[in-house]
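Novice: The structure follows.
What follows is calculated from the coordinates using simple rules that are stated; it is not laboratory data. This one's a predicted model, so the numbers in the text were calculated from it and none came from an experiment. Because the Cβ atoms are built from the backbone with ideal geometry, glycine has one as well, and the counts that use them run over all protein chains shown.
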Amino acid sequence: MSVTFVTRPDMRRQKENGTYPIKMWVMFKRKSKSYQTVFETTAADFEKLYSPNTKGAIKQLRENLKDLNISAELYLKEIDDFSFDEFEKGFVLNNPAFKERKIKVVIKEHESSKTFDYSIYEKRFVIFKETHPYPDSISFMFQTYVKRLLRIGKIGSAVHYQTAYHSFKKFRGNVRFADVTVDYLAEYQYWLLQQNKSKTTVGMYARNMRTMYNEAIEANLAKRKNYPFGRRKYIIPASRNIKKALTGEDLKKIYCYQTDCPKKSKARDMWLFMYFGNGMNPKDVALLKYKNIDEGYITFERSKVERTSASDAKQITFYITEDIQRIINTWGNVYKSTDTYLFPILEEGLNPLTESFKIDYFIATTNKWMREVFKELGIQKKSSTIVSRHTVATHLKFAGASKEYIQESLGHSSIKTTENYLDSFEREIKKEFAERLSSIFK
């Protein structure tokens with residue numbers, strides 16, 4: 001059955017000035033819906049609308065309605081399957097000829113979402129309070145995606161997407177995906193850089209928006225032909241690879257460091273545990289349990305990839321050296337059942353949000369006291385936990401390890417990620433040999 005439409009005044013809604021709003025009535029399968037345009041007219045003027053001698057404002061109204069009807073006909077020819085929702089999103093909501101109006105959005109969530117308890121997350125995730133003036137508002141997709149991440153326990157990722165949303169909202173409001181164009185993204189990048197944000201931050205937020213745009217396409221809230229990312233469109237800036245690895249001399253200083261402050265001592269040992277554990281992520285350290293220890297080795301799966309690539313997740317194994325055992329003996333839980341956490345960072349029975357807070361606190365306090373340690377030792381480099389990870393990669397490379405071995409040791413799912421870690425190493429080698437060539441003449 002074909003779609004028909006007619007554009008005429010709604011004679012039931014006379015305004016105070018004597019005019020009637022002009023609406024478009026769309027009929028499909030014995031159902032009809034009306035959409036109010038920005039145009040209005042009196043009954044007398046509408047009768048003159050198609051008179052051959054029409055002039056002035058009446059003639060202009062006729063041309064406006066003619067253009068609107070032609071564009072509606074062209075739109076209906078382009079789509080394969082008609083639905084009122086699709087017509088509203090694809091034609092009415094993006095058309096200045098229609099009155100703007102807030103539309104109630106019915107969120108179709110996954111079945112698990114109906115029974116999932118979001119109440120514990122409400123204070124942390126204020127994005128839940130966002131309203132969606134249109135179905136294709138970016139808030140709708142960001143909010144839906146954040147909820148999905150929470151349902152699978154990816155609290156950190158949910159926080160990142162919420163932060164990205166608030167950044168875009170601060171830039172130009174809760175726009176529609178139709179407004180997320182190449183120019184919009186380029187102007188957003190310039191706006192962020194003007195606030196002294198790094199290209200790394202721009203890239204992170206832009207990748208979040210790219211994910212949301214892809215999700216919106218799948219949900220029929222954005223058109224693939226308008227996709228603003230990719231070659232000859234908006235290119236997400238690559239992050240600047242800053243050399244984070246420490247030298248062997250710096251490592252020796254940390255290893256030999258002595259202090260009467262238990263907080264600094266613990267931070268140093270936790271930092272070294274990550275280094276000796278093939279550059280472990282601090283979250284993985286927090287999640288270790290005594291059952292991960294088997295015949296002198298620790299084996300685990302990276303928390304960052306275990307949910308995203310469960311089918312081909314690789315286990316990471318490292319040998320428990322004397323140094324690692326000393327750290328476990330010093331700071332590990334005294335009670336050693338198989339399900340007991342190795343270190344008293346977490347405890348059983350925590351909800352995912354509290355667990356996330358405790359891990360964040362562990363990372364923050366470790367970084368805080370390591371800054372003090374670095375300052376005392378005169379190490380002029382960043383002291384965060386990620387530094388131990390970059391240092392492991394670099395030192396394995398110096399020792400002659402292959403990229404594949406380093407990839408396995410760090411638990412990277414892609415060799416490209418490992419190469420990014422090693423990029424600064426390659427540059428340092430080039431610098432060293434260039435200086436050797438120049439030294440011949442000195």
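Novice: Given 165, 120, 142, which one lies farthest toward the positive end of the charge dipole of segment 117-178, if we put +1 on the Cβ of every Lys and Arg and -1 on the Cβ of every Asp and Glu?
Specialist: 165
Novice: Give, in nm to one decimal, the length gained when the segment between residue 50 and residue 195 is fully stretched (0.36 nm per residue of separation minus the Cα-Cα distance).
Specialist: In short, 46.6 nm is gained.
Novice: Going by average Cβ density within 10 Å per residue, which order do the peptides 199-205, 296-302 take, highest to lowest?
Specialist: Those peptides, ordered most packed to least, come out 199-205, 296-302.
Novice: Oh, and also: Going down the list 266/375; 147/264; 170/382; 77/225; 283/336; 15/66, which pairs span over 26 Å between their C-alpha atoms? Walk me through the numbers on the way to the answer.
Specialist: Values: 266/375 16 Å; 147/264 38 Å; 170/382 30 Å; 77/225 16 Å; 283/336 20 Å; 15/66 24 Å.
Checking Cα-Cα distances, 147/264; 170/382 exceed 26 Å.
Novice: Then there is this: Under a Cβ-Cβ cut-off of 12 Å, what is the net charge of the residues other than residue 369 that fall near it, where Lys and Arg count +1 and Asp and Glu count -1?
Specialist: +4
Novice: Ranked from highest to lowest mean number of other Cβ atoms within 10 Å per residue, what is the order of the peptides 277-285, 245-253, 21-29?
Specialist: 277-285, 21-29, 245-253
Novice: May I pose another question? Considering only C-alpha atoms, what is the centroid distance from segment 13-50 to segment 122-170, in Å?
Specialist: Each part's Cα centre sits 39 Å from the other's.
Novice: Apply the Karplus parameterisation 6.51 cos²θ - 1.76 cosθ + 1.60, with θ equal to phi minus 60°, to every residue of segment 149-154 and state each ³J(HN,Hα) to the nearest whole Hz, in sequence, with x for glycine and proline.
Specialist: 5, 5, 5, 9, x, 8
Novice: Next up: Pick out, from 327, 351, 377, the residue whose Cα sits farthest towards the positive end of the charge dipole of segment 322-389, with +1 on the Cβ of Lys and Arg and -1 on the Cβ of Asp and Glu.
Specialist: Sorting the options by dipole projection puts first 377.
Novice: Using unit Cβ charges (K, R positive; D, E negative) and no other charged atoms, how large, in debye to the nearest 20, is the dipole of segment 161-242 about its Cα centre?
Specialist: 200 debye
Novice: Taking 0.36 nm per residue of sequence separation and subtracting the Cα-Cα distance, how much length would be gained by fully extending the chain between residue 351 and residue 401, in nm to one decimal?
Specialist: Result for the pair: 14.0 nm of gain on full extension.
Novice: At residue 291 and residue 235, where each label point lies 7 Å from the Cα along Cα→Cβ, what is the point-to-point distance in nanometres?
Specialist: 4.9 nm
Novice: What percentages make up the Cα-Cα pair-distance distribution of segment 1-53 when the bins are 10 Å wide from 0?
Specialist: 24, 43, 27, 6
Novice: Evaluate E = 1/(1 + (r/R0)^6) for residue 372 and residue 336, where r is the Cβ-Cβ distance and R0 equals 41 Å; express this FRET efficiency to the nearest 0.05.
Specialist: With R0 = 41 Å, the Cβ-Cβ based efficiency is 0.85.
Novice: Using 0.36 nm times the number of residues separating residue 256 and residue 382, minus their current alpha carbon distance, what extension gain do you get?
Specialist: Details: separation 126, 0.36 × 126 = 45.36 nm, distance 1.87 nm.
Separation in residues times 0.36 nm, less the Cα-Cα distance, equals 43.5 nm.
Novice: Shape verdict for segment 145-203, please, from the Cα gyration tensor: rounded (a/c under 1.5), prolate (a/b greater than b/c) or oblate.
Specialist: It is oblate, given that a/c is not under 1.5 and a/b is not larger than b/c.
Novice: Right, here's the next one. Just the ratio, please: alpha-carbon radius of gyration of segment 164-281 over 2.2 N^0.38 Å, N its number of residues.
Specialist: 1.58
Novice: Here's a follow-up. If we sort 166-172, 12-18 on the protection proxy, mean other Cβ atoms within 10 Å, highest first, what's the order?
Specialist: Ranking the peptides 166-172, 12-18 by packing returns 166-172, 12-18.
Novice: Shifting gears a bit: I need the Kirkwood Rh of segment 110-166: take the reciprocal of the average 1/r across all distinct C-alpha pairs and report it in angstrom.
Specialist: 11.6 Å
Novice: I would also like to ask the following. To the nearest 0.05, how large is the calculated FRET efficiency for residue 183 and residue 4 if R₀ is 25 Å and r is the Cβ-Cβ distance? Could you put the intermediate results ahead of the total?
Specialist: Numbers: r = 37 Å, r/R0 = 1.49.
The value I calculate is 0.10.
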